[in-house]
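Chemist: Structure incoming, see below.
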Amino acid sequence: MMPEAKLPDLPPATLRLDINRDALVGNWRALNALSGGSADRAAAGAAVKANAYGLGAVGVARALHGAGCRDFFVAHWAEAAELLPHVPAGGIAVLHGVLNPAEAAWAMATGVVPVINSVAQARVWRDAGGGRCHLMVDSGMTRLGVPRGDWADPAIAALEVDLLLSHLASADEDVAQNGAQLARWQAARGVIAHRRASLANSAGIALGGDYLGDLTRPGLGLYGGIARPELAPHIAQVLRPQAALLQVRDVAAGDALGYNATFVAPHAMRVGVVALGYADGFLRCWSGRGVLRDAAGAALPVLGRVSMDLTIVALDAASALREGDWLTLDYHLPLAAAQSGLSQYELLTLLGRRFLRLL
């Protein structure tokens with residue numbers, strides 16, 4: 001059998017996410033203070049599910065743990081396993097709970113905390129030996145969570161609940177549903193024994209003190225998203241997606257660019273082909289409307305249709321650009337959402353695995 005040859009180091013990436021660690025940590029500190037926390041007491045946790053909304057869960061969790069964050073929320077058990085070498089197991093909560101004995105046994109063995117979502121899950125946890133857990137109650141979103149009719153079930157009453165959670169459906173809007181959910185969550189607090197309670201996400205933090213409980217669970221706001229206008233003064237942009245310029249070329253009037261010839265050059269132009277496409281989360285909705293910028297800030301509009309790995313931009317405003325230079329996407333999340341029609345959450349979580357994440 002031939003010995004396995006050692007591969008040379010990879011050449012530099014042509015896609016990267018420039019992540020501002022100071023802005024990330026600053027956003028958590030601001031949301032922690034708004035949640036009632038201080039330098040020596042954390043009142044804000046961090047939602048780091050979906051690879052920390054695309055920014056890289058390990059790097060984000062390490063940075064926020066160093067800043068004082070002590071509660072981290074993921075959706076899947078595999079996401080918890082990725083974090084285990086970097087933050088204490090007891091500070092990691094798995095929102096999807098325990099569906100079967102295998103998941104419960106893994107939680108028992110590692111110390112990662114399940115979020116129980118139903119009477120059936122409570123029984124799985126009990127049969128595995130029980131112990132500290134979190135509990136999600138449905139306060140009106142009708143998604144995961146124990147419905148009101150089951151709050152007094154013996155399997156729920158027997159749980160050792162650390163954190164009693166619910167989740168706001170419309171905290172980014174001023175609607176009656178927010179108050180109704182608050183009342184149901186407060187009712188659950190009166191029925192179910194627990195040590196701490198949590199209701200507010202990033203948007204919920206802006207709804208005021210009644211919604212804060214003992215711990216908030218910001219996600220979007222940590223990463224530069226602005227869920228409500230009241231939060232805008234407190235949130236800094238964290239992320240700048242960047243792509244390398246692969247090719248520079250001159251086109252003549254009448255030349256068609258990209259798939260289906262949706263853009264035809266009205267005059268002689270200088271254009272660039274960038275290593276970025278819909279496989280990287282830069283979807284076709286950006287065709288003809290996205291903007292990249294050079295190091296000096298010159299606007300370079302997208303021309304024609306975004307393809308899987310490549311995007312064409314106009315370079316007339318940046319004549320000095322050469323192949324190999326880096327361009328930066330305009331990615332201020334609220335503005336990008338308004339421009340693209342995507343949610344701020346989608347803009348983050350769509351960013352693909354080919355980006356080198358620099359944190």
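The values are calculated or read from the model by the stated rules, or taken from the named source; none is laboratory data. Not measured: the values here are computed from a predicted model. Don't worry about glycine lacking a Cβ; one is built from the backbone with ideal geometry, like all the others, and counts go over all protein chains shown.
Chemist: Filter the helices (runs of 4 or more DSSP H) completely within segment 48-139 down to those with at least 1 residues that are under 15 Å from I156 (Cα atoms).
Modeler: 119-128
Chemist: Also, I was wondering about something else. Taking the options A253, A187, name whichever one is in the same structural domain as V306 (by TED's automatic domain parsing), more than 22 Å from A336 (Cα to Cα) and out of contact with any strand residue (DSSP E or B) (no Cβ under 7 Å at 6 or more places or on another chain). Let's see the steps before the verdict.
Modeler: Details: A187 fails: in the same structural domain as V306 (by TED's automatic domain parsing).
Residue meeting the stated conditions: A253.
Chemist: Within segment 227-271, which residues are over 17 Å from R305 (Cβ atoms), of a type in the set (G, A, S) and in contact with a helix residue (DSSP H, G or I) (Cβ under 9 Å, 6 or more places away or on another chain)?
Modeler: Correct list: A227, A232, A236.
Chemist: Out of R293, R284, R305, I need the residue that is in contact with a helix residue (DSSP H, G or I) (Cβ under 8 Å, 6 or more places away or on another chain), closer than 24 Å to D255 by Cα, crowded, with 17+ Cβ neighbours inside 10 Å and without any contact (Cβ under 8 Å) to a residue 60 or more places away in the chain. Which one?
Modeler: Just one listed residue meets the conditions, R305.
Chemist: Let me ask something else. When the residues of segment 152-163 are narrowed to those that are in contact with a helix residue (DSSP H, G or I) (Cβ under 7 Å, 6 or more places away or on another chain) and not in a helix (DSSP H, G or I), which ends up nearest to R184 (Cα to Cα)?
Modeler: Per the stated criteria, the residue is A152.
Chemist: Please verify whether segment 58-81 includes one or more residues that are touching an Asp or Glu at 6+ places or on another chain (Cβ under 8 Å), surrounded by 18 or more Cβ atoms within 10 Å (Cβ to Cβ), of a type in the set (D, E, K, R) and under 30 Å from G281 (Cβ atoms).
Modeler: no
Chemist: Of the residues that sit in segment 237-260 and are in contact (Cβ under 8 Å) with a residue 40 or more places away in the chain and loosely packed, with under 13 Cβ neighbours inside 10 Å, which one is nearest to E173 (Cα to Cα)?
Modeler: Within segment 237-260, the match that is nearest to E173 (Cα to Cα) is N260.
Chemist: Here's a follow-up. Under the condition of being outside any loop (DSSP other than H, G, I, E, B) and of a type in the set (F, W, Y), which residue from segment 273-318 is farthest from A336 (Cα to Cα)?
Modeler: The selected residue is Y278.
Chemist: Go through (1) charged (D, E, K, R); (2) at pLDDT below 95; (3) not in a loop (DSSP other than H, G, I, E, B) for R270 and report which single condition fails.
Modeler: So R270 meets the others, but not (2).
Chemist: So, A61, is that one touching a Lys or Arg at 6+ places or on another chain (Cβ under 9 Å) and either more than 25 Å from V137 (Cα to Cα) or not assigned by TED's automatic domain parsing to the domain that holds M136 (or both) or not?
Modeler: no
Chemist: Do we have V94 as under 17 Å from G219 (Cβ atoms), of a type in the set (V, I, T) and touching a Pro at 6+ places or on another chain (Cβ under 7 Å) here? Before you say what the answer is, go through the steps one by one.
Modeler: Working: under 17 Å from G219 (Cβ atoms): yes; of a type in the set (V, I, T): yes; touching a Pro at 6+ places or on another chain (Cβ under 7 Å): yes.
Yes: the conditions hold for V94.
Chemist: While we're looking at this one, here's another question. Identify all residues within segment 319-349 that are at pLDDT 95 or above, over 18 Å from the mean Cα position of the chain (by Cα), assigned to a loop (DSSP other than H, G, I, E, B) and not acidic (D, E); write none if there are none.
Modeler: Within segment 319-349, L321, R322, G324 meet the criteria.
Chemist: Being free of Cβ contacts under 8 Å to residues at least 40 places away in the same chain and among the aliphatic types (A, V, I, L, M) is the filter; apply it to segment 186-230 and report the residue that is surrounded by the most Cβ atoms within 10 Å (Cβ to Cβ).
Modeler: A203
Chemist: Let me ask something else about it. Filter segment 28-47 down to residues that are part of a helix (DSSP H, G or I) and touching a Pro at 6+ places or on another chain (Cβ under 8 Å) and give me whichever is farthest from V238 (Cα to Cα).
Modeler: L31
Chemist: Which one is surrounded by the most Cβ atoms within 10 Å (Cβ to Cβ) among residues in segment 140-151 that are touching a residue at least 12 places away in the same chain (Cβ under 8 Å) and outside any loop (DSSP other than H, G, I, E, B)?
Modeler: Checked segment 140-151; the qualifying residue surrounded by the most Cβ atoms within 10 Å (Cβ to Cβ) is V146.
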